[in-house]
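**Q** Starting off with a structure, shown below.
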Amino acid sequence: MTSTILYPVIALSALGLLAAVVLYLVAQRFRVFEDPRIDEVEEALPGANCGGCGYAGCRNFAEALVNSESFEGLYCPVGGNETMEAVARILGRESTAKEPQVAVLRCNGSCEYRPKINQYDGVSSCAVASALYGGDTGCQYGCLGLGDCVEVCTFDALHMDPVTGLPVVDDDKCTACGACVKACPRNLFELRKRWKGNKKIYVACMNEDKGGIARKNCSVACIGCAKCFKVCPYEAITMNNNLAFIDSYKCKLCRKCVLECPTASILEIGFPPRKEKTSEGVGEARIEKEKTKGTDA
Amino acid sequence: MLYTFSKGGIHPPEHKISSDSRIRDLQIPASVVIPLSQHLGAPARPVVNKGDVVKTGQLIAKGDGFVSSNVHASVSGKIVKIDKAVDLSGYQRPAVFIETADDEWDETIDRNPALATVISLESHDIISRIGEMGVVGLGGATFPSHVKLSVPRGKKAEVLIINGVECEPYLTSDHALMIEKGEEIMMGIQILRKALGVEKVIVGIENNKPDAIRNLSVIAKKYQAVKVAGLKVKYPQGGEKQLIKALINREVPSGGLPVDVGAVAFNVGTAFAVYEAIQKNKPLFERIVTVTGKSLKKPSNFRVRIGTPVSALIEAAGGLPEDTGKIIAGGPMMGKALASTDVPVVKGCSGILLLPENESKRNRIEPCIRCSKCVSVCPMGLEPYLLMSLSQKDMFDRLEEEKVMDCIECGSCSYTCPAKRPLLDYIRLGKARVGKIIRSRKKPA
Amino acid sequence: MSQLLTISPSPHVFGQKTVKSLMTGVIIALIPTFLMSVFIFGIGTLIVTSVAVVTCVLTEYLIQKYLMHTETRIGDGSAIVTGLLLAFNLPSNLPWWIIILGSVFAIGIGKMVYGGLGNNPFNPAIVGRVFLLISFPVQMTSWPLPIASRMQYVNAITGATPLGIMKEGLRNGEALTDLSGQIPGHMELFLGHMSGSLGEVSAIALLLGFVWLLYKRIITWHIPVVIIATVFSFTGILWLIDPVHNASPVFHILTGGLMIGAIFMATDLVTSPMTKAGMILYALGIGIITVVIRVFGAYPEGVSFAILIMNAFVPLINRTMKPKRFGKEVKYG
């Protein structure tokens, strides 16, 4: 009776011991040397493996940081300056601070403003639809609304708004990793300077068509009239291909351009509401739009 | 004996409802929109300006670079503007807008319908003339013909394959051409033969067009070493690689060209265009287009000027049926769905197909049951189920290993899938992305 | 035109086959076997089959609805097929609660834990059967006599299967010739007059189903033909070497679950390889393992185990056995 219990126990223990010895020897013999700082740096990184830094994952990025001379071109947008400082401490270098950023969608063409002219019936992928044709509205620059960006966001910061059919960025969750910027086949996402209180002013349009055509296809399209360009006191606005662009690093949030825009394609978000008074008739379009609009994008 | 290719293939219902219709000239439209990118390769550069008056057949845009093609005016009139217009690609691209005044042809074009049988030009001149006349592959790929005829150094063409397969369901434009313009096609073949310097010619026609086989066989007797071969009906036999395999049993190598196995293939429509370009000095500014659909009143084959809006074709075929759900430029297997009927007809547009609403929606996607039907129908010996999932996961290295670039996008996999999975949608996406990676690798770093 | 035009990538037309039509085809192919079984085992067949099918469908529905919170897809018929195949691999006198256990296991552990249809590596019906065989060896190996006990269910008179008789006899050192009195003749085996699982006995009914599956192009001939040929030739060689202690190849292919295994179980679309070459390799493996278990192993029957073992190799086979690509590769450009 004892033997039937004892022998297997002894045999298995012996086997286990033998395996342990072999494993130990093999591990010693075939050890690969690795800079121990890589582990430390990886520890300091957020560990989201989002690829926002341009590397496949945090481990790769840690290797790149350790092996590089300086931090030139290496930045973890998710961890931000804090993380980079921690990494700098580990490696005994200086870190260069960057201003925090946030992603914005440069399209406001919801179903209401941008009527559908055909129905898309392929797979639910912006990449596939974009390779196929100009989209289910007349605007071939705008959001396709199939959610490739939502799919790639590892931080749960993007969601489709079922009413507008456009993705919505959750500013508090967005880490500006840039995954959506890469995923969008229409290049509608832009990483902009993050202002206090998540205040934002930007041109929510990428339509390069001539004014009339753009307007016909989408009532909140930028028509390239350059009124905002003229009114901007800080030279933050540039005009290119019938399209205005506000540089978020030059913009001082004066909101003059917002009132000027005849199609209300410049959005202001995170500001207290304006008084319903317009000076010299400008900004009528904006107020008109706001009356019919629900929540802002 | 009937020829066919060995690997894969499907048998979709043929629906060749317009095959009895003779070719009719479509009325010249009041205005045309001629896209500058109607061919594979770089878009043509316009050589006319707004306000210029052009004659039918006059050059309006010149091919930019080697792989590109000339574009000619298809009507005579005034250039209204040179602007962007939505074309078959579904995007706005540069195009020339002409307002029709009349139909005054360029004086150099020979409008005598009699068959011209003497080929006076030499091989080199034939090729450059074909290039000047803007002839491209009319089967659908729109590859510039003069490029195809310029056989790379060190390679030799042995067989000229003429593609009269028309394996896409519904389409009958090549069929109609083979019935009515058999003599001209045969002359076109002689010209191509002289340009390439080849002896042997095989014309491949699927045996659902016995009248076309008969017609061309009779005409072929006048010439030496031209064989008209009947083919078993199987899609995608009209694919260049499949046709070459079917007719001469050679496989074009992966990543290679037909000329690697000594073959050069042209569509019958292209052969006809070559005839007109060389013997009549007529540029490619019109083509045969099938307008078809189950609910259409008069499914027909029209001779259409390039740049005519699709709506004019549908109107001439009896008007847009009430139940139309989808309009396709080309056949149902490889054609492109159109967002509107304002799109102009281009050189590569062989048909306009109207599908009723109940046939235009896809079915619900179900999980893959790994039935391997896609693997067995793939004419290129690929594994579509695997390519699709690799593409969804962005595994580009594996995709390349699994030969995604060999895919000819024939759609047999999506057609056959019992779970109605969008195999080709994702494979096409993966192919585009892998193609980009390969091109960036080729460029010197 | 009442609606906006539809746009989708090509192709724009699709074939008639659907998952549902494939499953319906399999169910139709199983009808001759079912009828034959009702004729041979009577009331037991009806009870076992209906309990298995109902439990499988219900289990799938409940799991999809309350555990996975996905769309319920019982309409595709795959659960019905699993239930039928499981029932056909059980003795007709099996108590109902064991059948329910087996069905729940087959669908729950054999299929749904992997994510449902298409994702399971092992044939769910076989998973269910093997689970029962290991858990309830006594009930799972008591076989009602054919024809004689048609009106009985649980208390049917039982006997041994031909394979069981042979295995037992050989183990006791008897020669095959001495056993021949207890084993039915070839014609009886072919028609199904023997003890066994309710769907495995009638070779002729199963072959009819095979013809239907081929005609409807639901499966290809590769897997069934190669399995049967492998078993035939392997046992044939053994028989030629020692006919006293080895049964004839015809006996082997007509008895046990070989026919139903080769035609319906091994060809399960989800768990079989994707290429023709892969299918042949897979079928070869099943054939060899079946014979090894039958002749050299402890169990009289080995088809289920053979299929499960080869199921495990399918991903590897898919990875290595590629279809022949069109055109040789050349370096170009």
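**Q** Having 2 or more residues that are open to solvent by less than 30 Å² (accessible area, probe 1.4 Å) and closer than 29 Å to residue C:218 by Cα is the bar; report the helices (runs of 4 or more DSSP H) wholly within segment B:302-392 that clear it.
**A** Qualifying helices (runs of 4 or more DSSP H): B:373-377, B:384-392.
**Q** Here's another thing I want to ask about it. Please go through segment B:201-217 and pick out each residue that is surrounded by fewer than 17 Cβ atoms within 10 Å (Cβ to Cβ) and touching a residue at least 24 places away in the same chain (Cβ under 8 Å).
**A** B:207, B:211, listed by residue number.
**Q** Same structure again: I need the helices (runs of 4 or more DSSP H) fully contained in segment C:245-333, keeping only those with at least 3 residues that are at the interface with another protein chain (Cβ under 10 Å from one of its Cβ atoms).
**A** Result: C:276-296, C:303-320.
**Q** Additional query: Taking the options A:69, A:85, name whichever one is more than 30 Å from residue B:394 (Cα to Cα) and assigned to a loop (DSSP other than H, G, I, E, B).
**A** Checking each option against the conditions leaves just A:69.
**Q** Now for a different question. Can you find even one residue in segment C:122-143 that is farther than 25 Å from residue C:45 by Cβ and within 19 Å of the chain's Cα centre (by Cα)?
**A** Yes, some residue in segment C:122-143 is farther than 25 Å from residue C:45 by Cβ and within 19 Å of the chain's Cα centre (by Cα).
**Q** Sticking with this one: For residues that are among the hydrophobic types (A, V, I, L, M, F, W, C) and outside any helix (DSSP H, G or I), scanning just segment C:159-175, find the one that is most open to solvent (accessible area, probe 1.4 Å).
**A** Out of the qualifying residues, it is C:160.
**Q** Answer yes or no as to whether residue A:244 is modelled with pLDDT of 90 or more and small (Gly, Ala, Ser).
**A** So residue A:244 passes the test.
**Q** Also, I was wondering about something else. Within segment A:103-135, which residues are out of contact with any Leu (no Cβ under 7 Å at 6 or more places or on another chain) and more than 7 Å from every other protein chain (Cβ to nearest Cβ)?
**A** A:104, A:109, A:111, A:112, A:113, A:114, A:115
**Q** Could you run through segment C:207-226 and say how many residues are within 16 Å of residue B:371 (Cβ to Cβ), open to solvent by 60 Å² or more (accessible area, probe 1.4 Å) and part of a helix (DSSP H, G or I)?
**A** Here the count works out to 1.
**Q** Out of the residues in segment C:188-206 that are under 16 Å from the mean Cα position of the chain (by Cα) and not small (Gly, Ala, Ser), state the one that is most open to solvent (accessible area, probe 1.4 Å).
**A** So, considering only residues that are under 16 Å from the mean Cα position of the chain (by Cα) and not small (Gly, Ala, Ser), the one most open to solvent (accessible area, probe 1.4 Å) is C:204.
**Q** Before we move on, is residue A:207 under 23 Å from residue A:126 (Cβ atoms), open to solvent by 50 Å² or more (accessible area, probe 1.4 Å), out of contact with any Asp or Glu (no Cβ under 6 Å at 6 or more places or on another chain) and in a loop (DSSP other than H, G, I, E, B)?
**A** So residue A:207 fails the test.
**Q** In segment B:81-91, is there at least one residue being touching a Phe, Trp or Tyr at 6+ places or on another chain (Cβ under 9 Å), part of a loop (DSSP other than H, G, I, E, B), within 14 Å of chain A (Cβ to nearest Cβ) and open to solvent by 40 Å² or more (accessible area, probe 1.4 Å)?
**A** Scanning segment B:81-91 turns up at least one residue that is touching a Phe, Trp or Tyr at 6+ places or on another chain (Cβ under 9 Å), part of a loop (DSSP other than H, G, I, E, B), within 14 Å of chain A (Cβ to nearest Cβ) and open to solvent by 40 Å² or more (accessible area, probe 1.4 Å).
**Q** Next up: Applying the selection to segment C:3-39, what residues are open to solvent by less than 10 Å² (accessible area, probe 1.4 Å), part of a helix (DSSP H, G or I) and not polar (S, T, N, Q)?
**A** Listed by number, the residues that qualify are C:19, C:22, C:25, C:29, C:30.
**Q** List every residue pair whose Cβ atoms lie under 6 Å apart, where the two residues are 6 or more positions apart in sequence or sit on different chains, the first residue falls within segment B:31-51 and is at positive phi, and the second residue, located anywhere, is assigned to a loop (DSSP other than H, G, I, E, B) and at pLDDT below 95.
**A** Listed by first residue and then by second, the contacts come to B:41/B:67; B:41/B:68.
**Q** OK, next. Kindly check whether there is at least one residue in segment C:83-91 that is more than 21 Å from residue C:305 (Cα to Cα) and either within 13 Å of chain B (Cβ to nearest Cβ) or buried (at least 24 other Cβ atoms within 10 Å of the Cβ) (or both).
**A** No, there is no match, as no residue in segment C:83-91 is more than 21 Å from residue C:305 (Cα to Cα) and either within 13 Å of chain B (Cβ to nearest Cβ) or buried (at least 24 other Cβ atoms within 10 Å of the Cβ) (or both).
**Q** A further question on this structure: Please indicate, with yes or no, whether at least one residue in segment B:157-176 is open to solvent by 20 Å² or more (accessible area, probe 1.4 Å) and without any contact (Cβ under 8 Å) to a residue 60 or more places away in the chain.
**A** no
**Q** Could you please find all residues in segment A:140-155 being farther than 20 Å from residue C:9 by Cβ and within 11 Å of another protein chain (Cβ to nearest Cβ)?
**A** A:141, A:152
**Q** While we're looking at this one, here's another question. Just to verify a result, which residue in segment B:221-253, among those that are over 21 Å from residue B:140 (Cα atoms) and within 14 Å of chain C (Cβ to nearest Cβ), is most open to solvent (accessible area, probe 1.4 Å)?
**A** So, considering only residues that are over 21 Å from residue B:140 (Cα atoms) and within 14 Å of chain C (Cβ to nearest Cβ), the one most open to solvent (accessible area, probe 1.4 Å) is B:249.
**Q** Okay, moving on. Going by what's in this entry, would residue A:101 be described as crowded, with 18+ Cβ neighbours inside 10 Å and more than 23 Å from residue B:339 (Cβ to Cβ)?
**A** yes
**Q** Those residues that are within 7 Å of chain C (Cβ to nearest Cβ) and either within 12 Å of residue B:140 (Cα to Cα) or free of Cβ contacts under 8 Å to residues at least 40 places away in the same chain (or both), I need them from segment B:337-370; list them, please.
**A** Correct list: B:337, B:357, B:360, B:361, B:370.
The values are calculated or read from the model by the stated rules, or taken from the named source; none is laboratory data. Note that the structure is predicted; figures quoted are calculated from it, not measured. Methodologically, a virtual Cβ is constructed for each residue, glycine included, from the backbone with ideal geometry; neighbour enumeration extends over all protein chains shown. Heads up: the accessible areas ignore ligands, DNA and RNA and are worked out on the full protein's heavy atoms, side chains in. Shrake-Rupley method; radii C 1.70, N 1.55, O 1.52, S 1.80 Å.
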